[in-house]
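Engineer: Below is one structure. I have some questions about it.
The values are calculated or read from the model by the stated rules, or taken from the named source; none is laboratory data. Model, not experiment: these values are computed from the prediction. When we count neighbours, we look across all protein chains shown, and the Cβ atoms used for this are built from the backbone with ideal geometry, even at glycine.
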Amino acid sequence: MREKSTRKQCANSEKRLEQYRKSWRKRFTINPEKIRNIAREWHAANPDKRREYHLRHKYGLTKKQYEEMLSSQNGLCDIPGCSRVACAVDHDHETGRVRGLLCKKCNTIIGLLDEDPMHARGIVAWMEKHGCRRIEDTLPSEPGSRKDSQMPLFDLGPETGREVIQ
C-alpha cells in the first residue's frame, strides 16, 4: 500500500527540519538521561499513538486500514494452514508494498528465507525426504502445553535417531 514518493520537499521545510534536529541534538547532548526519561514516559503513556505512528511511517497504513486487514483475515495469520493470531505487517522490502498480516513466527521465517520461495520449497522437500511429519495432534491439549502454544512440531522418524524437533 505504501508507494515511494517522487515529490521533492521544499527547501524551507528541509531547512526547518534541520533546525529542529540541531536544537534537539543540542538538548540531548546537554542532558541525555532527561530526554531518554521523557521519551520512555511518553511511550509508556501512549502505546496506541506509538503503534499508529509506526504503522503510518513504516508501512503507510492508517489504524483503520490495519484494522480492516485484520478483520478481513479474521484476526489470523494470512499463511494457509497457520491458525496463530496475526500481529506482524508483512511487506516487500524493495517496494514497501504491504502484502498482508502474519503471525510473528511466519513473518520471521519468511525473513530468514530471504523471501525466496525456492529456498522454502527446498526445505519442505528435505523434510518430506527425511520423513518429517506433524505430531502436534498427538500432544495433550492442556493449558500451557506445547500444543496449546501452537508450536509446529515434527517427528523425524526412527531412521534419523532423533525423535522431536522444535
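Engineer: Under the condition of being without any contact (Cβ under 8 Å) to a residue 60 or more places away in the chain and in contact with a helix residue (DSSP H, G or I) (Cβ under 7 Å, 6 or more places away or on another chain), which residue from region 54-66 is nearest to G96 (Cα to Cα)? Steps first, answer last, please.
Structural biologist: Going through region 54-66, the residues without any contact (Cβ under 8 Å) to a residue 60 or more places away in the chain turn out to be 54-60, 62-64, 66.
If we keep only those that are in contact with a helix residue (DSSP H, G or I) (Cβ under 7 Å, 6 or more places away or on another chain) as well, we get 55, 62-63, 66.
Numbers: L55: 12, T62: 15, K63: 17, Y66: 15 Å.
Among those that are without any contact (Cβ under 8 Å) to a residue 60 or more places away in the chain and in contact with a helix residue (DSSP H, G or I) (Cβ under 7 Å, 6 or more places away or on another chain), it is L55.
Engineer: Here is a further query. When the residues of region 119-139 are filtered to those that are among the charged types (D, E, K, R) and either closer than 17 Å to S83 by Cβ or touching an Asp or Glu at 6+ places or on another chain (Cβ under 7 Å) (or both), which remaining residue is modelled with the highest pLDDT? Step through it out loud before you land on a result.
Structural biologist: The initial filter retains those residues of region 119-139 that are among the charged types (D, E, K, R), namely 121, 128-129, 133-134, 136-137.
Filter once more, so that each one left must be either closer than 17 Å to S83 by Cβ or touching an Asp or Glu at 6+ places or on another chain (Cβ under 7 Å) (or both): 133-134, 136-137.
Working: R133: 73, R134: 68, E136: 58, D137: 44.
That would be R133.
Engineer: Then there's this: When the residues of region 67-80 are filtered to those that are within 12 Å of L102 (Cα to Cα) and not polar (S, T, N, Q), which remaining residue is surrounded by the fewest Cβ atoms within 10 Å (Cβ to Cβ)?
Structural biologist: Here the residue is P80.
Engineer: Among the residues of region 110-119, which ones are part of a helix (DSSP H, G or I) and either under 13 Å from D78 (Cβ atoms) or in contact with a helix residue (DSSP H, G or I) (Cβ under 8 Å, 6 or more places away or on another chain) (or both)?
Structural biologist: At the first step, the residues of region 110-119 found to be part of a helix (DSSP H, G or I) are 110-112, 117-119.
Result: I110, single match.
Engineer: Could you list, in sequence order, the residues of region 34-90 that are among the aromatic types (F, W, Y) and in contact with a Leu (Cβ under 9 Å, 6 or more places away or on another chain)?
Structural biologist: Answer for region 34-90, where residues must be among the aromatic types (F, W, Y) and in contact with a Leu (Cβ under 9 Å, 6 or more places away or on another chain): just Y66.
Engineer: Here's a check for you: in region 72-105, which residue that is among the acidic types (D, E) and assigned to a loop (DSSP other than H, G, I, E, B) is modelled with the highest pLDDT? Steps first, answer last, please.
Structural biologist: Kept after step one, since they are among the acidic types (D, E), are these residues of region 72-105: 78, 90, 92, 94.
So of that shortlist, the ones also assigned to a loop (DSSP other than H, G, I, E, B) come out as 78, 92, 94.
On the way: D78: 93, D92: 88, E94: 86.
Within region 72-105, the match that is modelled with the highest pLDDT is D78.
Engineer: Please pick out the residue among L101, L70, L61, L76 that is under 30 Å from W24 (Cβ atoms), among the hydrophobic types (A, V, I, L, M, F, W, C) and not assigned by TED's automatic domain parsing to the domain that holds K26.
Structural biologist: Values: L101 fails: under 30 Å from W24 (Cβ atoms); L70 fails: under 30 Å from W24 (Cβ atoms); L76 fails: under 30 Å from W24 (Cβ atoms).
Result of the check over L101, L70, L61, L76: L61.
Engineer: Let me ask something else. M69 is checked against (1) in contact (Cβ under 8 Å) with a residue 12 or more places away in the chain; (2) outside any helix (DSSP H, G or I) and fails just one. What number does that condition carry?
Structural biologist: (2)
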